[in-house]
1. Find all pairs meeting these conditions: Cβ atoms under 7 angstrom apart; at least six residues apart or on different chains; first residue within the range 19-31 and under 18 Å from P142 (Cα atoms) and of a type in the set (V, I, T); second residue modelled with pLDDT under 85 and exposed (fewer than 10 other Cβ atoms within 10 Å of the Cβ).
2. Residue by residue through the range 26-45, note down the ones that are closer than 14 Å to T184 by Cβ and β-branched (V, I, T).
3. Being in a helix (DSSP H, G or I), at pLDDT below 80 and touching a Ser or Thr at 6+ places or on another chain (Cβ under 9 Å) is the filter here; which residues of the range 39-57 pass it?
4. State whether the residues of the range 97-105 include one that is within 22 Å of the chain's Cα centre (by Cα) and surrounded by 10 or more Cβ atoms within 10 Å (Cβ to Cβ).
5. If you go through the range 159-186 one residue at a time, how many are closer than 16 Å to F28 by Cα and either at pLDDT below 80 or among the charged types (D, E, K, R) (or both)?
6. Among (1) at pLDDT 80 or above; (2) in a loop (DSSP other than H, G, I, E, B), there is one condition N143 misses while meeting the rest; what is its number?
7. Which of the numbered conditions does M123 fail, given that it passes all the others? Conditions: (1) modelled with pLDDT under 85; (2) hydrophobic (A, V, I, L, M, F, W, C); (3) part of a helix (DSSP H, G or I).
8. Determine, yes or no, whether I151 is surrounded by 15 or more Cβ atoms within 10 Å (Cβ to Cβ) and at pLDDT below 80.
Amino acid sequence: MIIQAFPAVVLLLSALIFKDIITPIQMFFIVIIFLGVFLCSVDIKKLLNSEKILDRGTVLALLAMVFLSIYFTFSRILINSYAWFLPSFIATACFPLIYLYMKKNKEKLVVPRELKILLAVFMAGLLIRSGDFALNYGLSLPNASSLVAPIAGASPILFVTLSSLIFKDKLTRQQIAGVLTALTGIILLTGLNT
C-alpha cells in the first residue's frame, strides 16, 4: 500500500511545481480511489494490533514511494522535451547501477533454470516495462496527469481481484469494500474528465 501511494504525491508535487489544476471534485474522487486502495491493501485489524509500525520493510517502502514520486513528477520535463519513451528507457537503463549495488552488498543475481520460472520472470519484466511505457505515454497527454496518476495508483485493486479469480484467494469484506470504493472513484473521476 505504501508504494502505491506515489500517485497522490505525484499529484501534489505536480500541483505545487507545475501548477497543475486539480478541482475540488477531482480531489474528492482521488481521495475515494486512495481510500479504496487503502481498504484493499491494509489489514486494519493487524495494523491496529501492531506494536512496531516502522520496520525495515516499511522504511524501504517509504523510500521507494519517495523515489517513484520524484521520478514520475519530473519525468514530465523529459516527456515534454523528448516524448514519452525516454523516461522509461532511462529507468530500464539503470539496471547496471542496481547490479553494481547488489554486487557491492554481496547479493547474488540468480538466473532461474526452470523454463516455467524463467518465462514468469520474463513476463513480469515485460509487463512492468509495458506499464511504465503506458503510464509515461498517459502523462504525456495534455491535461491528463490528474486522471492518469490516480488510476495507475489503483493497481492493487487489480492485483487483489486477479488473485481472487486466478489463485482463488478469498477476499475479505474489507477488501471487497476497497475494490468497490476504488472502482467507484475511478469511474467518477474518468466520467468527470470525459
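1. Partner pairs satisfying both residue conditions: none exist.
2. I30, V31, I32, I33, V37, listed by residue number.
3. Correct list: C40 only.
4. Checking the range 97-105: at least one residue is within 22 Å of the chain's Cα centre (by Cα) and surrounded by 10 or more Cβ atoms within 10 Å (Cβ to Cβ).
5. Counting residues in the range 159-186 that are closer than 16 Å to F28 by Cα and either at pLDDT below 80 or among the charged types (D, E, K, R) (or both) gives 1.
6. Evaluating N143 over (1) at pLDDT 80 or above; (2) in a loop (DSSP other than H, G, I, E, B) leaves (1) as the failure.
7. Single failed check for M123: (1).
8. Taking the combined requirement at face value, the residue satisfies it.
The values are calculated or read from the model by the stated rules, or taken from the named source; none is laboratory data. Quantities reported herein were computed from a predicted structural model and do not represent experimental measurements. Cβ coordinates were reconstructed from backbone atoms using ideal geometry, including for glycine residues, and neighbour counts include every protein chain displayed.
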